[in-house]
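> The structure follows.
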Amino acid sequence: TLLGANIRMVLDECTPFPATHEQAETSMQLSMRWAERSKKAFAEYDAGEGDALFGIVQGGVYEDLRHQSAEALQQIGFDGYAVGGLA
C-alpha cells in the first residue's frame, strides 16, 4: 500500500455508550457485514507477503453479543483479531 501498512483492520462501527442490547446488536451486525465485505475485498486485493487483515470483535458491554461477534469473525476467517468497543 502507499502507507506501507502490513496490518489492516476491517471497518467497524464503535457502539456508543450507553447502548441498549438492541442498539449494540444492530451495531454489531453492521460491523459483521462490513467484516465480510472487507475480507472479500482483501482477498481480491494483491496483498504483499506478510500483509494481514484483522477482524474486530464488537458487541458493546454485552457478553452474548461479543461471543456472537467473535464466532462470526472466526467463521469469516481473519489473520488476527482485535477487541473493540471497550475504551
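What follows is calculated from the coordinates using simple rules that are stated; it is not laboratory data. Being a predicted model, the structure only gives us computed values, none of them experimental. Cβ placement follows ideal geometry from the backbone for every residue including glycine, while neighbour counts extend to all protein chains displayed.
> Every residue in the range 1-13 that is surrounded by 15 or more Cβ atoms within 10 Å (Cβ to Cβ) and β-branched (Val, Ile, Thr), please.
The one that is surrounded by 15 or more Cβ atoms within 10 Å (Cβ to Cβ) and β-branched (Val, Ile, Thr): 10.
> Filtering the range 14-60 down to residues that are aliphatic (A, V, I, L, M) and assigned to a loop (DSSP other than H, G, I, E, B), which residue is surrounded by the fewest Cβ atoms within 10 Å (Cβ to Cβ)?
Among those that are aliphatic (A, V, I, L, M) and assigned to a loop (DSSP other than H, G, I, E, B), it is 47.
> Just one of the numbered conditions (1) of a type in the set (A, V, I, L, M); (2) farther than 27 Å from residue 17 by Cβ; (3) without any contact (Cβ under 8 Å) to a residue 24 or more places away in the chain is not true of residue 52; which one?
Failed condition: (3).
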